[in-house]
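Notes to accompany the following structure.
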Amino acid sequence: MHYKHIKISLSVPIFIKAAARFLVFSTIPAIAGGQDPSNPSATVQHIDAIFSPLVTPRSPGVAVLVLKDGKRLFERGYGLRNPHSAAKIDPRTNFRLASCSKQFTAMAAVLLVHDGKLRYDQKLADIFPDFPAYGRAISIRNLLNHTGGLQDYEALMEQPENKRKWTDDRQIQDAEVLALLEQTDHGMFSPGTQWYYSNSGYVVLGLVVAKVSGRPFPEFLRERIFAPLNMHNTVAYVKGQNEITNRAYGHTKEGHTWKQTDQSSTSATLGDGGIYSSLEDLAKWDEALRSNRLLSKEEMQPALTPVTLTTTSVNGDTQPRWPANSDRPEGTPVSYGFGWFLDPYRGHPRMWHYGETIGFHSYIVRFGARKPAAASAVNDRLAGVTIIVLCNRTDISPESLALQIADLLLQTIFEN
């Protein structure tokens with residue numbers, strides 16, 4: 001069964017267990033990025049040792065970027081954009097970000113709040129008057145933090161009356177997602193009372209941005225985010241309307257061969273996972289977040305504030321919890337803002353997201369500084385570190401690999 005991108009983030013232990021099943025591959029020379037390969041530091045050598053065994057000379061692969069306060073500590077590509085060509089993965093290779101696209105959709109919405117054209121408490125039915133009555137209770141904030149309760153559009157696609165409407169060649173479009181939701185008469189729960197990771201909510205957010213701004217969603221992203229940050233090769237891809245330069249194609253391993261699995265019936269939607277980008281452009285995005293170039297620190301604060309529920313859970317608090325149908329243990333706490341998970345790692349503050357779609361896996365994590373009482377030169381080594389791992393194959397867990405880098409950096413003194 002084809003799937004769009006992950007509705008929940010898999011646990012690290014599951015990823016590590018999966019990684020342990022990898023075969024030992026022969027290595028290929030890495031493509032040097034921010035380091036001189038003729039005189040690599042110990043840190044670079046250790047990071048390279050994590051990734052180089054995962055590729056063969058003719059396999060799809062992975063791109064890896066590690067930044068510290070905006071400075072490149074490591075930037076390399078492994079493998080090929082497409083095993084049917086000789087084009088190697090490098091820092092300019094564009095991968096489908098899948099759910100890592102949500103951070104850009106959220107930023108677009110926050111920019112419209114900045115413009116005074118949108119409010120966090122504005123209701124879905126105010127923007128789309130034809131939406132069913134239950135949309136009068138769903139706010140923009142609910143959509144941003146996954147507490148809106150919209151039904152899963154991929155589940156709606158599987159209903160008998162819809163099952164044959166969409167294929168890999170006839171892909172569902174954003175407007176069709178909205179139409180499916182408008183045919184429902186209720187949500188999954190009362191808005192704000194539960195947390196459920198919602199691709200439907202982010203598709204709708206992309207449509208909200210287009211409706212409120214009067215610009216197609218890809219154009220708004222280009223004009224307000226990508227162009228100002230010189231992310232010239234990053235696009236919300238629409239077949240026939242724009243192109244992806246240096247494109248990586250998604251693949252799945254079947255036996256001892258690679259099958260191109262680049263598109264599915266849900267690969268055309270935008271707000272939930274339709275953006276392609278590269279290490280080169282994502283470094284610019286990271287710098288913009290670090291320097292508050294697009295929005296002030298105060299304006300970004302709502303996006304980086306974990307959601308709380310409006311009702312008390314069975315645990316006696318307002319902390320969101322992973323639902324029963326997730327790959328995390330039911331009841332495990334969730335910390336989510338707008339387009340970012342916000343839970344710490346080994347006591348270190350972080351904002352992160354994982355993306356999974358047919359043929360691609362992605363992971364972006366940004367570590368913040370620990371509180372002064374807990375910080376020291378030794379135990380705050382992850383402060384200001386960003387790790388990005390992009391894969392055009394589905395047998396690699398970018399999350400577990402990125403956290404291996406984080407663990408390595410916790411043990412290693414940063415070298416100039």
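The values are calculated or read from the model by the stated rules, or taken from the named source; none is laboratory data. Quick caveat: nothing in here was measured; it's all calculated off a predicted structure. Quick reminder, even Gly has a Cβ in these numbers, built from the backbone with ideal geometry, and neighbours come from all protein chains shown. Heavy atoms of the whole protein, side chains included, go into the accessibility calculation; ligands, DNA and RNA do not. Shrake-Rupley method; radii C 1.70, N 1.55, O 1.52, S 1.80 Å.
Within the range 155-172, work out how many residues are open to solvent by less than 30 Å² (accessible area, probe 1.4 Å) and either in contact with a strand residue (DSSP E or B) (Cβ under 8 Å, 6 or more places away or on another chain) or modelled with pLDDT under 95 (or both).
1
What is the one condition in (1) open to solvent by less than 20 Å² (accessible area, probe 1.4 Å); (2) farther than 21 Å from Gly214 by Cβ that Ala109 does not satisfy?
(2)
Could you tell me which residue of the range 348-366 is surrounded by the fewest Cβ atoms within 10 Å (Cβ to Cβ), considering only residues that are touching a Ser or Thr at 6+ places or on another chain (Cβ under 7 Å) and in a loop (DSSP other than H, G, I, E, B)?
My answer is Ile358.
For the range 318-347: of the residues being open to solvent by 30 Å² or more (accessible area, probe 1.4 Å) and among the small types (Gly, Ala, Ser), which is nearest to Val110 (Cα to Cα)?
Gly347
Any residue in the range 351-372 that is in contact (Cβ under 8 Å) with a residue 24 or more places away in the chain and within 20 Å of Phe95 (Cβ to Cβ) sitting within a Cβ distance under 6 Å of a residue that is polar (S, T, N, Q) and part of a strand (DSSP E or B)? List the pairs, counting only those 6 or more apart or interchain.
Taking only residues 6 or more apart or on different chains, the pairs are Gly355/Ser362; Arg366/Thr386.
So, in the range 173-217, of the ones that are of a type in the set (S, T, N, Q) and crowded, with 23+ Cβ neighbours inside 10 Å, which residue ends up farthest from Gly240 (Cα to Cα)?
Ser198
When you scan the range 206-239, how many residues do you find that are farther than 14 Å from Leu270 by Cβ and in a loop (DSSP other than H, G, I, E, B)?
Matching residues across the range 206-239 total 8.
Look at Arg92 and say whether it is open to solvent by 30 Å² or more (accessible area, probe 1.4 Å) and either part of a strand (DSSP E or B) or farther than 26 Å from Gly337 by Cα (or both). Give the derivation first.
Values: open to solvent by 30 Å² or more (accessible area, probe 1.4 Å): yes; either part of a strand (DSSP E or B) or farther than 26 Å from Gly337 by Cα (or both): yes.
Yes, satisfied.
Anything in the range 38-71 that is open to solvent by less than 40 Å² (accessible area, probe 1.4 Å), in a helix (DSSP H, G or I) and in contact (Cβ under 8 Å) with a residue 40 or more places away in the chain? List them, or say none.
Passing the criteria: Thr43, Ile47, Ile50, Phe51, Leu54.
Kindly establish whether Gly135 is of a type outside the set (Ser, Thr, Tyr), out of contact with any strand residue (DSSP E or B) (no Cβ under 6 Å at 6 or more places or on another chain) and free of Cβ contacts under 8 Å to residues at least 24 places away in the same chain.
Values: of a type outside the set (Ser, Thr, Tyr): yes; out of contact with any strand residue (DSSP E or B) (no Cβ under 6 Å at 6 or more places or on another chain): yes; free of Cβ contacts under 8 Å to residues at least 24 places away in the same chain: yes.
Considered against the rule, which asks whether it is of a type outside the set (Ser, Thr, Tyr), out of contact with any strand residue (DSSP E or B) (no Cβ under 6 Å at 6 or more places or on another chain) and free of Cβ contacts under 8 Å to residues at least 24 places away in the same chain, Gly135 comes out as yes.
Give me a count of the residues in the range 46-75 that are modelled with pLDDT under 95 and of a type in the set (Phe, Trp, Tyr).
Number satisfying all stated conditions: 0.
Residue check: is Ala288 touching a Phe, Trp or Tyr at 6+ places or on another chain (Cβ under 9 Å) and at negative phi? Quick ask: steps written out before the conclusion?
Values: touching a Phe, Trp or Tyr at 6+ places or on another chain (Cβ under 9 Å): no; at negative phi: yes.
Here the answer is no, as Ala288 does not meet what is asked.
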